[in-house]
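Notes follow once the structure below has been shown.
The values are calculated or read from the model by the stated rules, or taken from the named source; none is laboratory data. Since the model is a prediction, treat every value here as computed from it, not as a measurement. Glycine gets a Cβ as well: all are built from the backbone with ideal geometry, and neighbour counts include every protein chain shown.
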């Protein structure tokens with residue numbers, strides 16, 4: 001484990017849910033030189049600006065958590081934006097890091113890189129073994145390209161650029177917009193509003209049977225720093241030059257019904273839950289195989305109910321600023 005508190009660490013995407021959690025984790029551990037730049041200060045899609053930023057600042061490590069993200073509706077509506085923006089961000093940051101002789105970088109991807117019908121739980125070697133889910137294919141392609149960028153700079157230039165692929169994330173600084181949020185923030189908001197407005201029934205799309213895995217963003221941040229700090233020989237011993245990404249998750253899933261029941265408990269909703277089976281369920285199961293990460297010495301520690309309580313407390317305290 002290599003932890004050098006005096007090194008300058010650049011966190012790209014520090015205002016997002018994951019980036020802000022990484023900053024909190026680094027500060028807690030004692031890192032003293034953490035660089036962050038908002039969009040108003042540094043446009044990561046501007047190649048010249050990114051190169052100049054790296055040239056002006058002596059950066060030792062990079063956490064690349066910046067990305068254009070959204071739900072199914074957003075991905076379907078703006079596919080060109082999702083592939084272009086993400087390709088530009090990762091290409092500019094990774095190339096600028098190399099050009100400025102940054103040896104250590106961590107790229108954050110997504111579980112959507114895996115084929116639509118990947119064997120469950122999904123192992124790292126499922127990558128590029130089948131057809132992607134059509135609704136977010138452009139975003140997934142961009143994330144796959146990020147993995148391959150890291151691997152290619154490692155192979156050609158001897159860099160130490162690593163990649164982690166998280167399962168479904170939730171927690172503080174999530175997007176709670178009523179139309180554009182993912183399942184946990186959407187349900188937390190829906191149940192909160194039901195309690196607030198004394199609504200007696202909450203309707204949920206689908207049968208409630210699909211199974212999903214959820215990881216609190218603070219666990220994701222802890223895993224990211226753990227992977228970044230791993231000794232190079234340990235990392236290489238557990239990965240391959242062209243299969244170097246690492247899954248990050250809990251290794252445990254639950255049904256959407258169980259999730260909804262837990263959120264009802266967390267928010268204090270006492271009414272009835274109804275499930276509209278006429279609405280699409282999506283993939284029956286999405287679970288990450290996290291044995292590679294566990295073999296490297298890290299395992300998730302935040303239980304789902306505890307994590308949901310933390311996320312809900314943040315929402316209640318910040319709901320006017322929770323993006324809608």
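Filter region 108-121 down to the residues that are within 30 Å of residue 9 (Cβ to Cβ) and surrounded by fewer than 24 Cβ atoms within 10 Å (Cβ to Cβ), then identify the one that is nearest to the chain's Cα centre (by Cα). Step by step, filter region 108-121, then rank; the result is 110. Those residues that are surrounded by 13 or more Cβ atoms within 10 Å (Cβ to Cβ), touching a strand residue (DSSP E or B) at 6+ places or on another chain (Cβ under 8 Å) and under 30 Å from residue 126 (Cα atoms), I need them from region 268-295; list them, please. Correct list: 285, 286, 287, 288, 289, 290, 292, 293.
Checked against the criteria, residue 83 does not count as assigned to a strand (DSSP E or B), touching a helix residue (DSSP H, G or I) at 6+ places or on another chain (Cβ under 6 Å), surrounded by fewer than 21 Cβ atoms within 10 Å (Cβ to Cβ) and touching a residue at least 12 places away in the same chain (Cβ under 8 Å).
Checked against the criteria, residue 236 does not count as surrounded by 13 or more Cβ atoms within 10 Å (Cβ to Cβ), under 18 Å from the mean Cα position of the chain (by Cα), under 30 Å from residue 148 (Cα atoms) and modelled with pLDDT under 95. All told, residue 99 meets the bar of being at pLDDT 95 or above, over 17 Å from residue 242 (Cβ atoms) and surrounded by fewer than 22 Cβ atoms within 10 Å (Cβ to Cβ).
Examine region 285-305 for a residue that is without any contact (Cβ under 8 Å) to a residue 12 or more places away in the chain, closer than 13 Å to residue 214 by Cα and under 21 Å from the mean Cα position of the chain (by Cα), and state whether such a residue exists. Yes, some residue in region 285-305 is without any contact (Cβ under 8 Å) to a residue 12 or more places away in the chain, closer than 13 Å to residue 214 by Cα and under 21 Å from the mean Cα position of the chain (by Cα).
Residues in region 232-265 that are assigned to a helix (DSSP H, G or I) and touching a residue at least 60 places away in the same chain (Cβ under 8 Å): 8 in all. Note on region 172-217: among residues that are farther than 21 Å from residue 282 by Cα and touching a strand residue (DSSP E or B) at 6+ places or on another chain (Cβ under 8 Å), the one that is surrounded by the most Cβ atoms within 10 Å (Cβ to Cβ) is 217.
For residue 46, the conditions (1) surrounded by fewer than 16 Cβ atoms within 10 Å (Cβ to Cβ); (2) in contact (Cβ under 8 Å) with a residue 60 or more places away in the chain are fulfilled apart from (2).
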